[in-house]
1. Any chance you could tell me what percent of the C-alpha pair distances in the chain go past 37 Å?
2. Can you tell me what share of the DSSP beta bridges in the chain is antiparallel? A percent to the nearest 5 is fine.
3. For region 31-128, what is the charge dipole size about the Cα centre, in debye to the nearest 20, if Lys and Arg each add +1 at the Cβ and Asp and Glu each add -1 at the Cβ?
4. Please give, to one decimal in nm, the separation of the simple spin-label points placed at ASP300 and ARG175, each 7 Å out from Cα toward the Cβ.
5. Tally up the carbon and sulfur contribution to the accessible surface of region 284-378 as a whole percent, 1.4 Å probe, everything protein left in place.
6. Consider a paramagnetic label point 7 Å from the Cα of ALA118 along Cα→Cβ; state which residues of region 147-186 have an amide N under 15 Å from it.
7. About its Cα centre, what dipole magnitude does the chain give when the only charges are +1 on Lys and Arg Cβ and -1 on Asp and Glu Cβ, stated in debye to the nearest 20?
8. Taking the Cα centre of region 107-221 as the origin, how large is its charge dipole in debye, to the nearest 20, when only Lys and Arg (+1) and Asp and Glu (-1) carry charge on their Cβ atoms?
Amino acid sequence: VLLDRLARILPAQALLVGDAMDACQTGEAVGAHRPRFVLRPGSTEEVAACLAACDAARQPLVVHGGRTGLSGAHRVLEGEGVLSLERMVGLGPVDPGTATVPASAGTTLQAVQEAADAAGFVFGVDIGARGTATIGGNVATNAGGIRVLRHGMFRAQVAGLEAVLADGSVLDGLRGLVKDNSGYDLNQLFIGSEGTLGVVTRVLLRLHPKPVAEANALVAVPSFRSAIDLMARLRAAVGEALSAIELLTPEVFDGAIDLLGQPRPVAARALFYVLAEVQAMRADDTSARFEACLMAALEDGEALDAALSQSPREFHALWALRHACGDVVRARGTAAVGGDLSLPIGRMEDFLRAARRSLFALDPATEFLVFGHLGDGNLHYVVATAEGPAAMERIHHLAALHGGSVSAEHGIGLDKKPWLHLTRSDAEIATMRRLKAALDPNAILNRGRIFDPIPVPAT
Ligand SMILES: Cc1cc2nc3c(=O)[nH]c(=O)nc-3n(C[C@H](O)[C@H](O)[C@H](O)COP(=O)(O)OP(=O)(O)OC[C@H]3O[C@@H](n4cnc5c(N)ncnc54)[C@H](O)[C@@H]3O)c2cc1C
């Protein structure tokens, strides 16, 4: 009966069942369950009608964007249907006056970046999965990436959004008003809620002026303390122009060099490597101050060696090293576990020391690979060990013990659910569950992601 109703809502190619669903669409490639069906609505109205029909039938759904999420949230659970935004693509014109662009939820991040570039702007978020990850998925996960220091998380890029609730109600928050204190800001509910509160269908995105000049440098530092001091020194020298500051441990740095077959940009072997970037917004002496600051750090012994990019080719080659870090850790394959977490910057070093000690006590053959966004206190890690589950348990407890979060930017999804309670209080989790019950009383949307919903009374 439900399928008949859905077939009346959607055109033929937008409702897939049986063999019409491919393994990639259904996520079976990663061991998920086969969904009952795949819905591919092409408009907000179709999303609303599909949700209303599924809600009435108590049919659970999982929302799919580009399926690049790293917390298992898009994995299909038994009995679920898939609601995919893949047909809802497209951008409206860039408005240079307000520096905004409207995007349909299934549009890729890269398409937004390219449209911004063509109109003389930049988009504030960049992540490795830019070619596949969608704007709806970026909103739902509050994606971060390499330029959070400069432009903030995805939340800061959202000037307005449209979302559909489980019962089919459409919330049009696309007005894009800078000031609007007429009641609750409902848009915020959907950012970072991993598809549990509603389906994001359209987003009004903020754009930023293009920098007039940019430079980066790879710096070998003798200690974690030196990395922090270098960051403070750079901030004092170039202020807001410091647009990224990334951390690499030697194992990951060496792995990236091997993977890319590049010459080492710095000769010194060090305990940590820092990739720093500055972006000047006007023709000024930012690059000269950046260089002078690095020279001073070298003279003071805060840096052991530094390679400053002298051309766009060198600039991109340094970033390529950083971008290869993900491939280095992913190459450890299924023999490894990993994730991301955040910490107060002042406690990152203690955490790393404690984590190493604890992981090697568990398994002396452990390989602990770490890199991340130093400026945001965000570490990405992979632990290659035969003791994967116990290692994850230890890492998350240590992150919480050091005042951190078990998820910095990848979300909780299904995979990190057991550890949510370590960084969010009972009262906070209870409030999240009450919000879920209020907006999706039948718990049809992304059920069981982040936390288990309040049980739905049988009808
Ligand atoms: C190589 C690589 C690099 C990455 N780098 C980063 C990084 O630097 N920073 C970072 O933050 N993440 C990173 N990620 C993770 C991932 O790309 C982001 O989480 C991204 O925002 C997910 O977008 P998606 O469209 O693929 O969403 P999906 O994976 O399809 O879904 C993610 C979650 O959002 C929900 N969702 C998707 N679309 C909607 C919608 N329209 N409405 C409501 N809910 C929706 C899903 O149900 C799910 O809960 C990386 C991933 C890869 C593979």
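The values are calculated or read from the model by the stated rules, or taken from the named source; none is laboratory data. Nothing here was measured: the structure is a model prediction, and the numbers come from that model. Because the Cβ atoms are built from the backbone with ideal geometry, glycine has one as well, and the counts that use them run over all protein chains shown. Please note that ligands, DNA and RNA were not included when accessible areas were found on the heavy atoms of the full protein model with its side chains. Shrake-Rupley method; radii C 1.70, N 1.55, O 1.52, S 1.80 Å.
1. On the way: 30883 of 105111 pairs.
So the pairs more than 37 Å apart make up 29 percent of the total in the chain.
2. Working: 58 of 65 bridges.
About 90 percent, rounded to the nearest 5.
3. Numbers: 7 positive and 10 negative charges, 96 e Å.
About 460 debye.
4. 4.9
5. Working: 2330 of 4360 Å².
Looking at region 284-378 in its full context, I get 53 percent from C and S.
6. none
7. Values: 42 positive and 51 negative charges, 136 e Å.
Roughly 660 debye, rounded to the nearest 20.
8. Details: 9 positive and 10 negative charges, 61 e Å.
Approximately 300 debye in magnitude.
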